[in-house]
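Structure, as structure tokens:
The values are calculated or read from the model by the stated rules, or taken from the named source; none is laboratory data. Because the structure is a prediction, the values reported are computed rather than measured. Every residue, glycine among them, receives a Cβ derived from its backbone with ideal geometry; neighbour counts consider all protein chains shown.
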Amino acid sequence: MQCCCAFSFGVLFADEPQPDTIKPDKITVQASELSAAFRRAAERVLPAAVKIISHVQTAEDRKAMQLQIPVLKTPPGKRNPGDSTGTGSIIDLQGIVVTNNHVIANAREIEVELPDGRHFLAKKYRYDSETDIAVIWLDVPADEKLPVIKLGDSDKMEIGDWVLAVGNPFELDSTVSAGIISAKGRSLKKAHRTEFLQTDAAINPGNSGGPLINLNGEMIGINTAIASRSGTYEGIGFALPSNNAQWIIDQLVKKGKVERAWLGVDTKQVTPPEAERLGLKRAAGLLVDYPVQGSPAAESGLKPDDVILSFDGKAVNAVYQLQRLAERAEIGKEHEIIYARGGKKYKVPVEVRPLPPSAGLLAVNQGDIAHYTDTLVGLLLAQATPPMLAKLNITGQPGMLVLAVLPGSRAEKIGLNVGTVIVQVDGQAVPTRKDYIAVREKSSLSNGIVLDVFLPGGQRQQFAVRLE
């Protein structure tokens, strides 16, 4: 660490005549009041902003577990090579801590250290990988009193509002940095089922999972990620809004898992040129790319180029807004969608269903991998990754994963389903998106093409696609 450079300043010594007391002006008073607000907010939060130590599995641990030998618990405060640290917030007097899932991923044991020096081990934890949130239950004696952080209303935060980021960057305990809300509604591929607050409050390795607070000392976000070329702070950090986190936390605490409803439609924001093309007066709502085959959206009659304007009476102008409303909608109950088609508005009821496991799988692919639409066959495809193949219980050749089957398409008529992996087209392997496109450009639907596929579960089958 470099030491500070020395500068020459005018210095007043105690035995020299002192100038008259300077009366603070209005700006100085306002600055002092802001400083006091920062101080009060930090004082309220710091006791409950904890360090999380993830004790990793060592080679000896894994060998012992294979031999069914009990693995001894780590003594509190002891660190092992490879252990990692992050930050969390105590949100309940009973010892419930919220943090990022990536902070505790692959941990053999989780230890929580309070700023006052107390250490507790986690007795259990639950997580939601799609929003990168984890909840930890501490093994706390009944007579222990814990500090807590109050959750605030993240929807009230506006661009330009002051915030403080609290955490343990580079293992510098109980560090506070100040900044503002730089933007709202940001999206990240690693947590595609939520939007983020953007802030310029310094966030570095070790801050993950810690609180982003308002000037009332309330947690309005969970510090989750940074945008950086160097791997450290460069002025852009992201925090998961507390209002989004609260719903996830409640589900994890009450049910042990997150139960989401499923609408089953892929949308994007309407641009001014698209609004003009579709006969809309202004660019508002969400343009339907496609409804997923067999989904509530498809069954309601929604089609590509429809523009969804509202869900249950609430306007939707960003993808995350519809996603949030739909996934939290009551299952088994009809909900109202208002949409525009051909310059006219329509109203349709839709009954959401539980989110199927494959829907989360396909959403991950859409977020992380470039997809390709085979319009003649009627498929939305993405290159299948090994983890995706493993989840579908498919082993063997790599191929193209079917993300969606377009309603009324040839693919739908021959029975192709979401989760199918196409490994050959007309006898030629298609392990990548580039290969698939190259082979399809040479094939002829008039003569018919043969798709060699793996079905979810691993069964192999062939499908023939022809022009009617």
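Among strands (runs of 3 or more DSSP E) entirely within segment 291-395, having at least 1 residues that are surrounded by fewer than 14 Cβ atoms within 10 Å (Cβ to Cβ) and modelled with pLDDT of 90 or more singles out 334-341, 344-351.
Would a scan of segment 271-278 turn up a residue that is touching a strand residue (DSSP E or B) at 6+ places or on another chain (Cβ under 9 Å), surrounded by fewer than 17 Cβ atoms within 10 Å (Cβ to Cβ), among the β-branched types (Val, Ile, Thr) and outside the structural domain of residue 101 (by TED's automatic domain parsing)?
Yes - at least one qualifying residue is present in segment 271-278.
From the list 428, 462, 424, the one residue that fits, being more than 30 Å from the chain's Cα centre (by Cα), exposed (fewer than 13 other Cβ atoms within 10 Å of the Cβ) and not acidic (Asp, Glu), is 462.
Listed here are the residues, each with its yes/no results for (1) touching an Asp or Glu at 6+ places or on another chain (Cβ under 6 Å); (2) free of Cβ contacts under 8 Å to residues at least 24 places away in the same chain; (3) not basic (Lys, Arg).
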site: 259; (1), (2), (3): no, no, yes
site: 269; (1), (2), (3): no, no, yes
site: 281; (1), (2), (3): no, yes, no
site: 303; (1), (2), (3): no, no, no
site: 308; (1), (2), (3): no, no, yes
site: 316; (1), (2), (3): no, no, yes
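Evaluation of residue 133 against the conditions (1) among the hydrophobic types (A, V, I, L, M, F, W, C); (2) more than 14 Å from residue 88 (Cα to Cα); (3) crowded, with 21+ Cβ neighbours inside 10 Å shows that the sole unmet condition is (2). Kindly provide the set of residues from segment 396-438 that are within 20 Å of residue 266 (Cβ to Cβ), assigned to a strand (DSSP E or B) and modelled with pLDDT of 85 or more, ordered by number. Those that are within 20 Å of residue 266 (Cβ to Cβ), assigned to a strand (DSSP E or B) and modelled with pLDDT of 85 or more: 400, 401, 402, 421, 422. Identification of strands (runs of 3 or more DSSP E) wholly contained in segment 86-169 with 2 or more residues that are within 29 Å of residue 323 (Cβ to Cβ) and among the aliphatic types (A, V, I, L, M) yields 96-100, 133-138, 162-167. Answer yes or no: is there a residue in segment 138-145 that is crowded, with 16+ Cβ neighbours inside 10 Å and under 14 Å from residue 237 (Cβ atoms). Within segment 138-145, not a single residue is crowded, with 16+ Cβ neighbours inside 10 Å and under 14 Å from residue 237 (Cβ atoms).
Of all residue pairs spaced 6 or more apart or on separate chains, those with beta-carbon atoms under 6 Å, a first member in segment 416-435 that is in the same structural domain as residue 400 (by TED's automatic domain parsing) and a second member that is acidic (Asp, Glu) and in a strand (DSSP E or B) are 423/452; 424/452.
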